1. Starting from residues that are aliphatic (A, V, I, L, M), farther than 17 Å from Gln83 by Cβ and out of contact with any Phe, Trp or Tyr (no Cβ under 7 Å at 6 or more places or on another chain), keep the ones in the range 29-51 and report whichever is surrounded by the fewest Cβ atoms within 10 Å (Cβ to Cβ).
2. Val85 is checked against (1) in contact (Cβ under 8 Å) with a residue 60 or more places away in the chain; (2) closer than 24 Å to Ile46 by Cα; (3) in contact with a helix residue (DSSP H, G or I) (Cβ under 7 Å, 6 or more places away or on another chain); (4) of a type in the set (A, V, I, L, M, F, W, C) and fails just one. What number does that condition carry?
3. Restricting to the range 52-100, give me the number of residues that are surrounded by fewer than 15 Cβ atoms within 10 Å (Cβ to Cβ) and outside any strand (DSSP E or B).
4. What number of residues within the range 112-131 are surrounded by 11 or more Cβ atoms within 10 Å (Cβ to Cβ), in contact (Cβ under 8 Å) with a residue 40 or more places away in the chain and either assigned to a strand (DSSP E or B) or among the basic types (Lys, Arg) (or both)?
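What follows draws every value from the coordinates through simple rules; no lab data is involved. Fair warning: this is a prediction, and the values are worked out from it, not measured in the lab. Please note: Cβ atoms are built from the backbone with ideal geometry, for glycine as well, and neighbour counts cover all protein chains shown.
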Amino acid sequence: MNLPVIIRKLTLLGAILLIAGCGKRNPFEVTISNCPAVAIVSYTGIVTKFDGIGRNSDDVVYNATITDLRVDCREDDKTGIYQRVSFAIIASKGPAFANQAIILPYFAVLLRDNSLITAKRIFQAELRFDPDSDRFVLRQTIIQTLPDIDTARRYDYELLVGFQLTPDEVAYNALR
């Protein structure tokens, strides 16, 4: 086969692929939403609880992580914004684990314009381990509403979640 034939065949193949892709949704399409952005706050999505003052692997009571963030949001000019946020808390026992249950406090903060905390609530997640299992998964759901859609349009809102940690626990996560 000579070079011009190969070039024509490659050009034809490229045109066919381009035409075939025209019916698909544009991956660069931008959708403007008044729904609050949702995120896990840095260094608060993981907690490692130690037994006593030791920080060795033998001193770990449990590790827990917030993961699998899912958001469902509906906007309506009459009823405002209804947002359902769910996430999984995955915990695993450490060598120093002695109980069957742990209580993990976590928070949800509604932030306006990246700086003003308009609401904060602390929740308690109770995790009960089976004696035969070293891991536990719990799905949590938070409902956030903004009844005035004009306010939602005027400001940028974010819903932030994370474990309610001590300053030492946050420092430990940052230095990991």
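1. Per the criteria, the residue is Val30.
2. (3)
3. Final tally of qualifying residues: 14.
4. Final tally of qualifying residues: 2.
Rundown of residues vs (1) touching a Lys or Arg at 6+ places or on another chain (Cβ under 9 Å); (2) in contact (Cβ under 8 Å) with a residue 60 or more places away in the chain; (3) over 19 Å from Asn34 (Cα atoms); (4) not basic (Lys, Arg), yes/no style:
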{"residue": "Ser92", "(1), (2), (3), (4)": "yes, no, yes, yes"}
{"residue": "Pro95", "(1), (2), (3), (4)": "no, no, yes, yes"}
{"residue": "Ser133", "(1), (2), (3), (4)": "yes, no, yes, yes"}
{"residue": "Ala152", "(1), (2), (3), (4)": "no, yes, no, yes"}
